[in-house]
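Reviewing the structure listed below.
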Amino acid sequence: MPVSAYVIRCAPDDQPAVLTRLRAIPGVEVGETNGTGIPVATETPTTRAAAALGEQLQQLPGVKSAVLVYHNFEDVAE
């Protein structure tokens, strides 16, 4: 299963709504926010699903950027 980590950046006023949206997405785990970004870990069944989820994170209303900081897919055989 591909595992990825992102830092989600958004305006401070948008953060509550973005957190709600992130928590509603299957396969997404939201970490503790620290003022500079929202740490997010994802787990998907395939690398294609990982790419699609990354795009979904980027397109969420209120998100300025979804920066991929880690990606592991070594156990995937597609």
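Could you order the peptides 47-54, 29-36 from most to least packed, using the average number of other C-beta atoms within 10 Å per residue? Walk me through the intermediate numbers first.
Values: 47-54: 16.2, 29-36: 10.5.
Order by mean packing, descending: 47-54, 29-36.
Among [x] 12.0; [y] 12.5; [z] 14.2, find the value of Kirkwood radius over Cα pairs in Å that was calculated from the structure presented, and write down its label.
The value matching this structure is [y].
Just need the relative contact order of the range 1-74 here, percent rounded to a whole number, with Cα pairs under 8 Å and 6+ apart.
Here the relative contact order equals 51 percent.
Multiply the residue separation of residue 65 and residue 23 by 0.36 nm, subtract the distance between their alpha-carbon atoms, and state the gained length in nm to one decimal.
13.4 nm
Would you work out what percent of the accessible area of the range 13-73, with all protein chains in place, is carbon or sulfur (probe 1.4 Å)?
52 percent
Nothing charged except the Cβ atoms of Lys and Arg (+1) and of Asp and Glu (-1): what's the magnitude of the dipole of the chain about its Cα centre? Round to the nearest 20 debye.
Charge dipole of the chain: 260 debye, to the nearest 20.
Which one, 28, 59, 47, is farthest towards the positive end of the dipole of the chain when Lys and Arg carry +1 and Asp and Glu -1 on their Cβ?
The residue sitting most towards the positive pole is 59.
The values are calculated or read from the model by the stated rules, or taken from the named source; none is laboratory data. All values derive from a computational prediction rather than experimental measurement. Reconstructed Cβ throughout: ideal geometry from the backbone, glycine too, with neighbour counts over all protein chains shown. To get the accessible areas, we keep the full protein, side chains included, count just its heavy atoms, and leave off ligands, DNA and RNA. Shrake-Rupley method; radii C 1.70, N 1.55, O 1.52, S 1.80 Å.
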